[in-house]
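Peer 1: My questions will all concern the structure given below.
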Amino acid sequence: MAQIVLPLAMRRSGEAERIVVGSANRSIVEALKQPADWPYRTAVLAGAPRSGKSLLARWFAGQGHGEAVDGADRLDETDLFHRWNRAQEDGRPLLLVIDGEHWDIALPDLRSRVGAALQLTIGLPDDEMVGALIAAHAEQRGLVLGEGALTYLVPRVGRSFAAIERLVATIDRLGLERKVAATQSIWRDALEAMEGLRQGRLL
């Protein structure tokens, strides 16, 4: 069953950031709890945009499991290599989070170290996790979706974290613009708006 993990990190509003745990990331969460099992105490976390990589990194660091480096593939490779060495000297687990799913590293020494690390990739959510994500995004916005929303929306939304988040944002926006509750007409129009946006990007 999908569930919510409450990291230690708090948002400015005072509410805990929440991670929906499901088919796409359950094995990753379990791996992040056991950094002593990682090769060289190093792991690389990859995944699609909006898939929760940064949240998982903050949760990992907040739990005291080790050091997390978000956007590691954007950093200077020599600096990152020295950071890896310091972590090894200190016996400190190191989680490297990258923006995409592939990381082309030019520095040979860093490439060999990263290549030997545990490779973790967030997958695509199944229906159960999609429903939990929709509910979580709606709750975060204070949006009441209405009865039957998940039954209607889950089979129709794209299986990407970004699409799910954008769908809830669109439902919220349409409801506020029209000053009506988020019922099926709003759900349908939000899905149509997203499909129009997707088609526009393909042109």
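The values are calculated or read from the model by the stated rules, or taken from the named source; none is laboratory data. Source: prediction; values computed, not measured. Note that we place each Cβ from the backbone using ideal geometry, even for glycine, and neighbour counts take in every protein chain shown. Quick note on the areas: whole protein, heavy atoms, side chains included, nothing else; ligands and nucleic acids left out. Shrake-Rupley method; radii C 1.70, N 1.55, O 1.52, S 1.80 Å.
Peer 1: For residues in the stretch 6-32 being open to solvent by 80 Å² or more (accessible area, probe 1.4 Å) and modelled with pLDDT of 50 or more, which is nearest to Gly64 (Cα to Cα)?
Peer 2: Filtering the stretch 6-32 down to residues open to solvent by 80 Å² or more (accessible area, probe 1.4 Å) leaves 6, 8, 10, 12-13, 15, 26-27, 30.
Okay, now just the ones that are also modelled with pLDDT of 50 or more, so 26-27, 30.
Working: Arg26: 19, Ser27: 19, Glu30: 15 Å.
That would be Glu30.
Peer 1: Does the stretch 72-93 contain at least one residue that is out of contact with any Lys or Arg (no Cβ under 8 Å at 6 or more places or on another chain), of a type in the set (Gly, Ala, Ser) and either within 27 Å of Val168 (Cα to Cα) or modelled with pLDDT under 95 (or both)?
Peer 2: no
Peer 1: When you scan the stretch 103-118, do you find a residue that is surrounded by 17 or more Cβ atoms within 10 Å (Cβ to Cβ) and charged (D, E, K, R), even just one?
Peer 2: Looking for residues that are surrounded by 17 or more Cβ atoms within 10 Å (Cβ to Cβ) and charged (D, E, K, R), one finds at least one in the stretch 103-118, hence yes.
Peer 1: On the given criteria, is Glu77 surrounded by fewer than 18 Cβ atoms within 10 Å (Cβ to Cβ), on the phi < 0 side of the Ramachandran plot and in contact (Cβ under 8 Å) with a residue 24 or more places away in the chain?
Peer 2: Criteria met by Glu77.
Peer 1: Given the condition in a helix (DSSP H, G or I), open to solvent by less than 70 Å² (accessible area, probe 1.4 Å), out of contact with any Cys (no Cβ under 6 Å at 6 or more places or on another chain) and acidic (Asp, Glu), answer yes or no: does some residue in the stretch 133-144 qualify?
Peer 2: The answer is no, given that none of the residues of the stretch 133-144 is in a helix (DSSP H, G or I), open to solvent by less than 70 Å² (accessible area, probe 1.4 Å), out of contact with any Cys (no Cβ under 6 Å at 6 or more places or on another chain) and acidic (Asp, Glu).
Peer 1: Pull out all pairs, ordered by first then second residue, where Cβ-Cβ is under 6 Å, the residues are six or more apart or on different chains, the first lies in the stretch 143-170 and is closer than 19 Å to Gly100 by Cα, and the second is at pLDDT below 95 and surrounded by fewer than 14 Cβ atoms within 10 Å (Cβ to Cβ).
Peer 2: Ala162/Pro49
Peer 1: Additional query: Which of the numbered conditions does Arg156 fail, given that it passes all the others? Conditions: (1) open to solvent by 20 Å² or more (accessible area, probe 1.4 Å); (2) in a helix (DSSP H, G or I).
Peer 2: Of (1) open to solvent by 20 Å² or more (accessible area, probe 1.4 Å); (2) in a helix (DSSP H, G or I), only one is false for Arg156: (2).
Peer 1: Ala61 versus (1) open to solvent by 30 Å² or more (accessible area, probe 1.4 Å); (2) at pLDDT 95 or above: which is the lone unmet condition?
Peer 2: The failed condition is (2).
Peer 1: While we're on this one: Identify the residue in the stretch 48-58 that is in contact with a strand residue (DSSP E or B) (Cβ under 8 Å, 6 or more places away or on another chain) and open to solvent by less than 30 Å² (accessible area, probe 1.4 Å) and, among all such residues, is farthest from Ala162 (Cα to Cα).
Peer 2: This residue is Ala57.
Peer 1: Being surrounded by fewer than 17 Cβ atoms within 10 Å (Cβ to Cβ) and under 30 Å from Pro93 (Cα atoms), is that true of even one residue in the stretch 172-195?
Peer 2: Within the stretch 172-195, not a single residue is surrounded by fewer than 17 Cβ atoms within 10 Å (Cβ to Cβ) and under 30 Å from Pro93 (Cα atoms).
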